[in-house]
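Everything below concerns the one structure shown next.
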Amino acid sequence: MEIFVVIGVIVLLAIFIVAQYNRLVRLNISVDEAFAQIEVQLKRRADLIPNLVETVKGYATHEQSTFDAVVSARAKATSATGVADVAAADGMLTQALRGLLAVAEAYPDLKASTNFLALQEELSTTENKVAFARQFYNDNVRALNEAVATIPTSFFVGLAKVSARPFYEVEDPQSREVPKVDF
Amino acid sequence: MASNFRSAQGANKRKTYFLLAAMGLLTWLVAYAALTYFGAGTTSFVVPLAVGIALVGVWGSYYGSDKLVLTMTGARVIQREDNPELFNLIEEVVIASGLPMPQVAIVEDSAPNAFATGRNPDHALIAFTTRILEVMDRDELQGVIAHEMSHVANRDTLVSAVAATTAGAIAILSDFLTRMMWFGGGRDRRDSNQNPLLLIVSLAILLLAPIAAMLLRSAISRRRESLADATAVSFTRNPAGLRRALETLAADSTVVRQRSNAVAHIWIESPLDGQAVSKLFSTHPPIEERIETLRAMESLGPQQ
């Protein structure tokens, strides 16, 4: 009789350990997936930029420094790897883009051009998607870090080879809000 | 009063569990009353029969909910090319929620409204009336989409199917048993020496249970609406968008033409407002109350 009790306890214990282990691994994978989503959206934004710069250049010829800032920020953003680097480059590009759009404000002809209007919707949705991808990533990091730090999952951190992950922090404080792209 | 979306989500989830437990208790009470009144012979086949009928009826519609609701509301599935801006907005919320992309449908209707259905996130469908797309701006529409995607995330088609099954089984059971009473069924109760008071209580339970079940079902539906509002804020972190959307809906007095009670609970704003008997039977919380809750969330400032 006792042998069944012992086996039962061992089985329950094994199920418990497996469940904690799997939870940690799953949370860790979600963070990877969420980061991949950020990169997808940043890539989308980067792809829009050459077209945007060309369009603005056609009307605003004397804003070379603004264009240079956007182009160099884009180059940095496309080559960045790792959460901290990507986030820093993302922040710079977000700011450079804001500068470009502020320039566009001053050219009524540009604002009325069909090409620019077509870019407007694409750009505002992409900004939103980037912002939501960051938020989703950070939510997942928060869930993982909570599991890493709290009992009982914290006991299995070594076993699952999982550790706390960094948040995706964009330096620009304004970027918490979804940027309003009103032209 | 001021609660952020996390505590609002927790509270609404707890209340749903409580209400579902009350439903279970009610079913048990009805079965017990039947047992007392009619004896084991009758009860042992009537109870499984009623549950069986309710299960078949509800779970068929649950499984095919996406297709069924399309037919009942006259919604038409659209592709990205038909409305790229709407799809952009939905993709934004999809990214924020981490859910798969749902099917999108349009209902030709002059009332602004929207709904979500589907048995699980992989078979989700969200639909919008043509009018809601006309009257709402980007932020408002984003709030509405987030509310609908929250129903998907919270598996509300499943929750309402469970509630409908239990309420249905109780209604069928009560109907059977009261009929049997008039036609002299359940004679076997004479064999036992039952306490007459117990018999009266059992009878009262059998007669009142269907109403109680309907009340519980409506209460569950209201909790799920509040929960969806809170979850929507967790997706967009922008309570103002959904709040303004609800204000637009509240200000608009037109209601969706299909006034089918069967699908009333799935819309973001109840299409049955004008005829609701009382707050207790309503499938949605009062819209003013929902607006107030969101306003309270706004007052907390930007939320992480």
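For each pair in A:K57/A:K111; A:K43/A:K76; A:K129/B:K67, compute the distance between the two Cα atoms and list the pairs where it is over 19 Å. Numbers along the way, then the final one.
Working: A:K57/A:K111 12 Å; A:K43/A:K76 12 Å; A:K129/B:K67 30 Å.
Among A:K57/A:K111; A:K43/A:K76; A:K129/B:K67, the Cα-Cα distance tops 19 Å for A:K129/B:K67.
Kindly point out which whole DSSP H helices in chain B project their C-alpha atoms 15 angstrom or further along the helix axis while averaging a Kyte-Doolittle hydropathy of -1.0 or above.
Details: long enough: B:5-38 (49 Å, 0.52); B:40-63 (34 Å, 1.32); B:84-97 (19 Å, 0.94); B:138-153 (22 Å, -0.24); B:156-182 (39 Å, 1.07); B:196-236 (59 Å, 1.22); B:239-251 (18 Å, 0.26); B:287-298 (17 Å, -0.60).
Flagged H segments are B:5-38, B:40-63, B:84-97, B:138-153, B:156-182, B:196-236, B:239-251, B:287-298.
With every protein chain left in place and a probe of 1.4 Å, what is the accessible surface of B:F18, to the nearest 10 Å²?
Its accessible surface works out to 140 Å², give or take rounding.
Which residue, chosen from B:H147, B:V58, B:V159, occupies the Cα position most advanced towards the positive end of the dipole of segment B:48-207, where the dipole is computed from +1 (Lys, Arg) and -1 (Asp, Glu) charges on Cβ about the Cα centre?
Towards the positive end, the residue furthest out is B:V58.
Using 7 Å Cα-to-Cβ label points, what is the B:A204/A:V40 separation (nm, one decimal)?
Using points 7 Å along Cα→Cβ, the separation is 5.9 nm.
Within a Cβ distance under 13 Å of B:A105, other residues only, what is the Lys/Arg minus Asp/Glu net charge?
Numbers: positive: B:K67, B:R76; negative: B:D66, B:D82, B:E108, B:D109, B:E148.
My count for the surroundings of B:A105 gives -3.
Tell me which aspartates and glutamates have Cα within less than 15 Å of B:K13's Cα, excluding those fewer than 8 residues away on the same chain?
B:D156, B:E225, B:D229
Using +1 at the Cβ of each Lys and Arg and -1 at the Cβ of each Asp and Glu in segment A:1-127, identify which of A:L24, A:V103, A:H62 lies farthest towards the dipole's positive end.
The residue sitting most towards the positive pole is A:L24.
Based solely on C-alpha atoms, express the radius of gyration and the Dmax of chain A in angstrom.
Looking at chain A, its Cα Rg and Dmax stand at 23.3, 89 Å.
What is the sum of charges, Lys and Arg at +1 and Asp and Glu at -1, for the other residues whose Cβ falls under 13 Å from the Cβ of A:T78? Could you put the intermediate results ahead of the total?
Working: positive: A:K43, A:R44, A:R45, A:R74, A:K76; negative: A:E39, A:D47, A:D85, A:D90.
So the environment of A:T78 carries a net charge of +1.
Once R0 is set to 51 Å, what does the formula 1/(1 + (r/R0)^6) return for the Cβ-Cβ distance between B:D175 and A:E121, expressed as a FRET efficiency to the nearest 0.05?
Efficiency computed from Cβ-Cβ geometry: 0.40.
For segment A:50-141, compute Rh as the Kirkwood radius over C-alpha pairs and then the Stokes-Einstein diffusion coefficient at 20 °C and 1.002 mPa s; write the answer in µm²/s, rounded to an integer.
The diffusion coefficient I find is 151 µm²/s.
Can you give the helix-only mean residue ellipticity at 222 nm for the protein assembly as shown, where every DSSP H stretch with n ≥ 4 adds -39500 (n - 2.57) and the sum goes over all residues, rounded to the nearest 500 deg cm²/dmol?
Mean residue ellipticity at 222 nm (helix-derived): -24000 deg cm²/dmol.
Taking chain A as the reference, fit the longest principal axis to its C-alpha atoms, fit the long axis of helix A:64-79 to the helix C-alpha atoms, and give the angle between the two in degrees, 0 to 90, nearest 10.
Tilt relative to chain A: about 20 degrees.
Quick check: the angle from helix A:114-149's long axis to the longest principal axis of chain A, C-alpha only, nearest 10 degrees?
20
The values are calculated or read from the model by the stated rules, or taken from the named source; none is laboratory data. Values in this document were obtained by computation on a predicted structure and should not be read as measured data. Because the Cβ atoms are built from the backbone with ideal geometry, glycine has one as well, and the counts that use them run over all protein chains shown. SASA here: full protein model, heavy atoms, side chains in, ligands and nucleic acids out. Shrake-Rupley method; radii C 1.70, N 1.55, O 1.52, S 1.80 Å.
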